[in-house]
């Protein structure tokens, strides 16, 4: 499956003085969901690093639709859209109940220990 949903609760440290989740928290939530999606594929990111495969964010887009607030229970979904060559593309959605708070996307690149571009591991390749 190419989708994973996790639950997070907005922590006090993730909020601005008005009690709203700071925009930077969304990138961390996306990463948490993306990491669990990778684990769903049977691999942990730490295992890939030991094998010399590093995955770096080269583009991050977030569309904020409604604010998340301190102590909100949220569902963050990561979807693997495309991967091949050296690139992996994900889309994300953050919900509070049925309400969509934000949508986003990332483009990731695979590199080796020296920072050179390398191919996406076979188990992560999509046919699209």
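Pairs meeting the criteria (first residue in the range 20-36 and closer than 13 Å to residue 56 by Cα, second residue part of a loop (DSSP other than H, G, I, E, B), beta carbons under 9 Å, at least 6 apart or on different chains) are 35/44. Taken over the range 2-25, residues that are assigned to a helix (DSSP H, G or I), in contact with a strand residue (DSSP E or B) (Cβ under 8 Å, 6 or more places away or on another chain) and surrounded by fewer than 18 Cβ atoms within 10 Å (Cβ to Cβ) amount to 1.
All of 94, 100 fail the test of being over 23 Å from residue 120 (Cβ atoms) and crowded, with 17+ Cβ neighbours inside 10 Å, apart from 94. Looking at the range 56-65, is at least one residue in contact (Cβ under 8 Å) with a residue 40 or more places away in the chain, over 24 Å from residue 2 (Cβ atoms) and part of a strand (DSSP E or B)? Yes, the conditions are met somewhere in the range 56-65. Among the residues of the range 26-45, just one is touching a strand residue (DSSP E or B) at 6+ places or on another chain (Cβ under 9 Å) and in a loop (DSSP other than H, G, I, E, B), namely 41.
Values in this text are rule-based calculations from the coordinates and carry no lab data. Only a predicted model underlies this, so the values are computations on that prediction, with no experimental measurement involved. Methodologically, a virtual Cβ is constructed for each residue, glycine included, from the backbone with ideal geometry; neighbour enumeration extends over all protein chains shown.
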